[in-house]
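Reviewing the structure listed below.
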Amino acid sequence: MTPFIELRRICWSADGQPEARPLSDLKSSLTEYFAKGHRSDRIDLQRVEADGVTIAGFWKVHEYAPRTADNNAFHLTIVNATTLVTQLAVAHGLLTLGRSFRESTVLQADFQIRCRYPVKQQESLEVRLELVSATPKRLKKDPHATATLFRWKFSIAGGAFMGETAIVVVEQPGVMSRI
C-alpha cells in the first residue's frame, strides 16, 4: 500500500497572490473540469410523465464534451445528473403546489447520489423521481414566508444512479434578497 503524503498548508492561485504557487503546478492533479473549465453537454428534455407521486423525464443527449483524452465515449457526469434531477424536482414541486417559477423561490435543500455503474445511454435517458414527502415549513430567517419542503427518491437509467433530493419551495418570489 502506498503511504500517505503529509500535506502542509499550500495555496495555488491563478492571479499571482503572494506566497502562492501557480495553478499550473497542479496540472497533473486536476480533472478536465478544473484544467479546461466546466463544459456542458447538450441534453434536451424530450418527454415528461407525472402523477401525484412520481415524475419521469426522458432526455436525449445531442452533444457532449469528450471526457478524457484516452476515452471520448459519452458517460453522464455527476454535474449533469444533478441538473436533470433538480430540474424535475423543481417542476414536480411547483406543479404539486399549483405554482409557477415566477411566483416562488426554489432552494436546493439536499442532494445525495450513489453511482452504481456508468450511464452511457444517449436516447430516452430516464430520470425518475418518487415523492417521499411534502411538509409545510417556516423559514427561520423569514417566519412570515410560507414554504414546502419536498423530498424525493430518484433513479437514473433504471438504477445506474440512485439517490435522494430535497427542495424548498417558498411561495413568494425574491425571498433570498430579504434573508
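Would you check if there is a residue in the range 124-135 being among the basic types (Lys, Arg), in contact with a strand residue (DSSP E or B) (Cβ under 9 Å, 6 or more places away or on another chain), under 15 Å from residue 54 (Cβ atoms) and touching a residue at least 24 places away in the same chain (Cβ under 8 Å)? Yes, that holds for at least one residue. Is it fair to say residue 8 is in a loop (DSSP other than H, G, I, E, B), of a type in the set (D, E, K, R), at pLDDT below 95 and surrounded by fewer than 10 Cβ atoms within 10 Å (Cβ to Cβ)? Yes. Here 128, 138, 102 are screened, and the one residue that is buried (at least 17 other Cβ atoms within 10 Å of the Cβ), among the basic types (Lys, Arg) and either modelled with pLDDT of 90 or more or at negative phi (or both) is 128.
So which residues in the range 11-26 are of a type in the set (Gly, Ala, Ser) and either over 30 Å from the mean Cα position of the chain (by Cα) or part of a helix (DSSP H, G or I) (or both)? Passing the criteria: 16, 20, 24.
Could you list, in sequence order, the residues of the range 120-146 that are polar (S, T, N, Q), assigned to a strand (DSSP E or B) and within 20 Å of residue 46 (Cβ to Cβ)? Once the filter is applied, which keeps residues that are polar (S, T, N, Q), assigned to a strand (DSSP E or B) and within 20 Å of residue 46 (Cβ to Cβ), the range 120-146 yields nothing.
On the basis of being touching a Leu at 6+ places or on another chain (Cβ under 9 Å), surrounded by 15 or more Cβ atoms within 10 Å (Cβ to Cβ) and either closer than 17 Å to residue 172 by Cα or modelled with pLDDT of 95 or more (or both), does residue 160 make the cut? Judged against the criteria, residue 160 is a match. In the range 153-168, the residues that are more than 10 Å from residue 85 (Cβ to Cβ) form Cβ pairs under 6 Å with partners that are charged (D, E, K, R) and in a strand (DSSP E or B), at six or more places apart or across chains, as follows: 153/130; 153/164; 162/114; 166/110; 166/151. Of the set (1) small (Gly, Ala, Ser); (2) in contact (Cβ under 8 Å) with a residue 40 or more places away in the chain; (3) more than 17 Å from residue 86 (Cβ to Cβ), all apply to residue 104 but (3).
The values are calculated or read from the model by the stated rules, or taken from the named source; none is laboratory data. Just so we're clear, the structure is a prediction, and the values are computed from it rather than from any experiment. Note: ideal-geometry Cβ built from the backbone for every residue, glycine included; neighbour counts use all protein chains shown.
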